[in-house]
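Here's the structure, in C-alpha cells; my notes come after.
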Amino acid sequence: MLKQRIITAAWLAPLTLIGLFGLHGGAFALFAALIVLLGAWEWTNLAGVTQQRSRLQWVAVLALLMLVMWLSGAAFAVWPLWLAAAGWLLNLYWVIRYPEAGQQWQSTSRRLLMGLWVLLPCWVGFNVLRDSGAVWLLFVLLLVWGADIGAYFAGRRWGKRKLAPRVSPGKSWEGVIGGLVVTVLLAVVFAFWQPLGVAGGATLIAITALVTFVSVLGDLLESMLKRYRNIKDSSQLLPGHGGVLDRIDSLTAAIPIFALLYLQLLQVPLL
C-alpha cells in the first residue's frame, strides 16, 4: 500500500501543481472542473448510487451546470460561495449530530443535493482565487496541507481528547490545535510577504483560524458519509490514496469559504 501511495503521489503532485499554477482562464477552469468532476463521480458512490449510467448522468448534470455558470459569469460570482457557507453550516450540524440526525440526509437524493453545495462552490472558489493571481490559491493550499501535517504530528504526540469519535475516532482536539498553530504561522508569513499591514494581517490570521476549522469539517463530512456507507475508499481512481475525494475533502470546504472571506474582507468584492 505504501509503495503504491508513493508511486501515485510521484506523478500526481507535479501534474496537479502544473495544472493549478501553469494554467489560467478557461484552461484552468477546465482543469479544476476535471478534478471536481472526478470527485463528483466518487460522491455518487457516497450517495448510494450504484448503477454506472446513473452515476455518469449525475456527473454530466454537474458538468452542464459548470458550463452554464462559466458562460454566465457565475464561475466568478459571490452567490455560489454564500451557498457554500450556508451548506457547510448545515453539514456542521449533521456531523455534530451524527448519527441522531442521519434521517435528515441519508436518502440518496438528499446526499446528491448535498454534493451540489459541496462541489460546485469549490469549483467557483478555485476560479476566484486563481483569477486573483494565484497567490491566495497557493495560500489556501498551503493552509490545508499545513493543517493536515500539524494535526498529524500533534495528534500523534499529544492527542487524547477525541474530536468526533462517532465520525472519525482518530482525530483529536490536540491535533486540530497543532494544525491551527501551523496555519497561523503561515498567515503571519503571508501577511508580511504581501504586505497587508497590521489590520490586514490581523484579518488574515482571523480568516485563517476559521478556515482551518472549516477544512477539518470537510474531512469529517467525507468520513461521516463513508461510515454510513460502510466503505473505506470512495473509489480506486488514485491507488493507495482512497480516491480523489480523500485528497480534496478538506479543500471542498476550505476553498469556497476562504474565497468568500477573501472577496469580502481582503479586497473589493465582486458582484
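Shown here is the pair-distance distribution of the stretch 2-266: with all Cα-Cα distances grouped in 5 Å bins from zero up to the longest one, the shares run 1, 6, 13, 17, 20, 19, 14, 8, 3, 1, 0 percent.
Which whole-number percentage describes the relative contact order of the stretch 2-266, with Cα contacts under 8 Å and a sequence gap of 6 or more?
It comes to 24 percent, rounded to a whole number.
Each Lys and Arg adds +1 at its Cβ and each Asp and Glu adds -1 at its Cβ; summed about the Cα centre, the stretch 2-266 shows a dipole of about 820 debye.
For the chain, what is the calculated [θ] at 222 nm in deg cm²/dmol (nearest 500), taking -39500 (n - 2.57) for each run of four or more DSSP H residues and dividing by its residue count?
After summing the helix terms and dividing by the residues of the chain, the value is -26000 deg cm²/dmol.
For the listed peptides 113-122, 70-79, 50-59, a ranking on the average number of other beta carbons within 10 Å per residue, highest first, reads 113-122, 70-79, 50-59. Ordered by the count of other Cβ atoms within 10 Å of each Cβ, fewest first, Val144, Val188 give Val188, Val144.
Only the coordinates and a few stated rules stand behind these numbers; no lab work does. On a predicted model such as this, the values are computed, not experimentally measured, just so you know. Cβ: placed from backbone, ideal geometry, glycine included. Neighbour counts: every protein chain shown.
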